[in-house]
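These notes are about the structure you will find just below.
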Amino acid sequence: MKLLWIVFLTLLAEAQITNVDIKTITYERKIYNKVLHTLYVKPTINVYTDKKNYIRFPKENNFNIVDKCDQSDVVFLSYESSLVYCADKPIFVDNYNDFISIPNVIGAFYYRKGRPQLKLNKDYINQFDLNIDKSLLKYVE
């Protein structure tokens, strides 16, 4: 009987962890969809990123994953990313340190103390002639 309870509780804990990950990815997808489609006024956005991040940019949200940096509209770098960023493309990151230290970073979405944070860099957004909608003004630095 104890073994049955241990198995049950283990499965329950594992299901909750998986559920949290799915909720987090779903939330991130909504953020990237809203922000990037507001900045880029075009039907489909070409994203250059590594395979770990493909899940964040699904085709049903009008994202197209490209293999080469020069084909992209935006480069997405995650904290664990192995990509070398492109010098002439706008970059979106998932941590604050990259937001302040890498050139051409137009924005960052990350968590600080468990709270979601969105930051947009006005200078680089203007440099790449991207659209800053009124709904995003409170996130612009």
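Please state the equivalent ellipsoid semi-axes for region 36-141: what are the square roots of 5 times the Cα gyration tensor eigenvalues, largest first, in whole Å? The partial results should precede the final answer.
On the way: eigenvalues 70, 56, 41 Å².
Each semi-axis is the square root of five times an eigenvalue, giving 19, 17, 14 Å.
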Restrict the search to region 16-116; then list the trypsin sites (Lys or Arg not before Pro) that DSSP places in a loop and that have at most 12 other Cβ atoms within 10 Å of their Cβ. Lys68, Lys113
Determine the relative contact order of region 15-94: mean sequence separation of Cα pairs under 8 Å and six or more apart, normalised by residue count, in whole percent. 24
Using a Förster distance of 41 Å, how high is the FRET efficiency between Asp67 and Lys113, based on the Cβ-Cβ distance and rounded to 0.05? 0.65
For Tyr48, Tyr27, what ranking results if the residue with the fewest other Cβ atoms within 10 Å of its Cβ goes first? Tyr27, Tyr48
Region 45-117 - share of DSSP beta bridges that are antiparallel (%, nearest 5): 20
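Report the full-extension gain for the segment Thr38 to Asp88: residue separation times 0.36 nm, less the Cα-Cα distance, to one decimal in nm. Walk me through the intermediate numbers first.
Values: separation 50, 0.36 × 50 = 18.00 nm, distance 2.06 nm.
Net length gain for the segment: 15.9 nm.
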Semi-axis lengths (Å, descending) of the ellipsoid that matches the C-alpha gyration tensor of region 49-88: 16, 13, 7
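Which entries of Lys34/Lys122; Lys59/Lys113; Lys68/Lys119 have Cα-Cα distances beyond 22 Å here? Don't skip to the answer; put the middle values down first.
Working: Lys34/Lys122 17 Å; Lys59/Lys113 31 Å; Lys68/Lys119 26 Å.
Pairs exceeding 22 Å: Lys59/Lys113; Lys68/Lys119.
Coordinate-derived values only; no laboratory data. Model, not experiment: these values are computed from the prediction. Cβ: placed from backbone, ideal geometry, glycine included. Neighbour counts: every protein chain shown.
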